[in-house]
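K.L.:
Below is one structure. I have some questions about it.
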């Protein structure tokens, strides 16, 4: 069998992996490329194989850089099933039509310029109607259920702890009398996030396709203190008298913020600042959260049991119409949460245009900003930026709380790959910028001794079953024991069991020594 890396290779976005076996062809994720113009142009290219030849798609989660080209796949002939968790499906029902609308508006703007210049007209990758036509192809897959999707492939979705409904996907592929197990990490979540569970631990795999977004970075702040950091930014802005503008992804990041804002309100720690959620998409996504409380962690579930809503409060104002959104351009002393999270589209660009030049205002980033995005330019200290054709001076206070990231940092990624009790034969690092991926690859090699590969975009790799050989079982047992001892040392040994562990290891060493002497 073989895997082809059609996206998220050498870049953070466009997650897409094609798996070919002797009997089946499936795709894991079908994401849209975001960032620089050069990267975005890939969205207009072909899929490199006929969409009709792909039997099924496995979707790790709803973010557009993982799901955003599904309508294009259907538009060009795909007829199979798109397996995803129920929460992911409902979020896609909101996100994909919105993506189609954004593309229609963007192409309309470009074509106005092209028409005046006498240049050819463009077509969107897909439109709103085509996005809606892709939705009937989705098929729910619950967590922790093994599903046979083709005669030679079984799959299981487990909680990735990244966003509501996000999954890591285990894939078992039968090759003759052998079997290969692949694990696609999707986006690995950060620990101790509001509302959702921590990422799952997987015991074993032959090959792991693993994200590396924060592969060269640690979340600098104490990530159990993000509510205090948010509290500080809010009060600093209130004292200046300006607006607090928060670009936030409509899914998960907005709900994390609402959760903490509600806690501050309940504790009477908020200044008299009105909070606006200026994103119809975020409003719809919040409704999905309220319908999928089965995905909540223990803390959020306990709030629900007490009759409290972790993501909604009477003091919050959700703006829906364009007129309501435009009226926010005339106010001061408010908190405005708006999409998109990387400032590439949506209402947030209007709020930045009206607030970036105001020194009394603050722009707070709470999520990853991909290279080439407007958000990345602002966060990196650009003095002027262009928004809707106008040059805007950046005089607002620019702040960043990394703890709100729904991605594990370098330490979290390393902890996850070390958690395999039976280490994989090879790890493929994807979904990261080159420096991040290279840094994480070096660290994994050094800390675990695993084989790590950084695939190139469109690269094809042959994957083979483990060939039976003399002492193969013994080698597997050694890898398993070695991994468990490594995990034990990393976590710290309970003093109550330290002596017993040492004694048993000494017995094993003596036994091996005896058998080695007899053999020699």
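K.L.:
Work out, step by step, the length gained on full extension between residue 145 and residue 115: first 0.36 nm times the residue separation, then minus their alpha carbon distance; give nm to one decimal.
P.N.:
Numbers: separation 30, 0.36 × 30 = 10.80 nm, distance 5.28 nm.
Additional length available on full extension: 5.5 nm.
K.L.:
Working from the pairwise distances between different alpha carbons, so that the mean of 1/r is found and then inverted, what is the range 1-160's Kirkwood radius in Å?
P.N.:
16.3 Å
K.L.:
For the range 83-125 and the range 159-200, write down the distance between their C-alpha centroids in whole Å.
P.N.:
29 Å
K.L.:
Follow-up question, since we're still on this one. Considering only DSSP beta bridges where both residues belong to the chain, give the percentage that are antiparallel (nearest 5). Mind showing how you got there, number by number?
P.N.:
Numbers: 35 of 73 bridges.
Among the beta bridges of the chain, antiparallel pairing accounts for roughly 50 percent.
K.L.:
Over all pairs of distinct alpha carbons, what does the Kirkwood formula give as the hydrodynamic radius of the range 311-352, in Å?
P.N.:
11.4 Å
K.L.:
Something else: Percent antiparallel among DSSP beta bridges with both residues in the range 306-427, to the nearest 5?
P.N.:
Around 50 percent antiparallel, to the nearest 5.
K.L.:
Where does each of 383-391, 303-311, 364-372 land if you order them by average Cβ count within 10 Å, highest first? Mind dumping the intermediate values first?
P.N.:
Values: 383-391: 10.7, 303-311: 14.7, 364-372: 21.4.
By packing density, highest mean first, the sequence is 364-372, 303-311, 383-391.
K.L.:
Please express the Cα-Cα pair-distance distribution P(r) of the range 226-404 as a list of whole percents, one per 5 Å bin, running from 0 to the bin with the greatest distance.
P.N.:
Going out from 0 Å in 5 Å bins, the range 226-404 shows 1, 8, 18, 22, 22, 15, 8, 4, 2, 0, 0 percent.
K.L.:
Could you please state, rounded to a whole Å, how far the C-alpha centre of the range 275-336 is from the C-alpha centre of the range 1-38?
P.N.:
Using only Cα atoms, the two centres lie 33 Å from each other.
K.L.:
Per residue, how big is the convex hull of the chain when only Cα atoms are used? Give it in Å³.
P.N.:
162 Å³
K.L.:
Sticking with this structure for a sec: Which percentage, to the nearest 5, of the DSSP beta bridges contained in the range 226-404 is antiparallel?
P.N.:
Percent antiparallel among DSSP bridges in the range 226-404 is about 20.
K.L.:
A follow-up question, please. Can you order the peptides 284-290, 424-430, 66-72 by their average number of other Cβ atoms within 10 Å per residue, highest first?
P.N.:
66-72, 424-430, 284-290
K.L.:
Quickly estimate the mean residue ellipticity at 222 nm for the chain, helices only: each DSSP H run with n ≥ 4 gives -39500 (n - 2.57), and the total goes over all residues, rounded to 500.
P.N.:
-11500 deg cm²/dmol
Values in this text are rule-based calculations from the coordinates and carry no lab data. Since the structure is predicted, the reported quantities are computational estimates derived from the model, not experimental observations. A quick note on method: Cβ atoms are made from the backbone with ideal geometry, for glycine too, and the neighbour counts reach across all protein chains shown.
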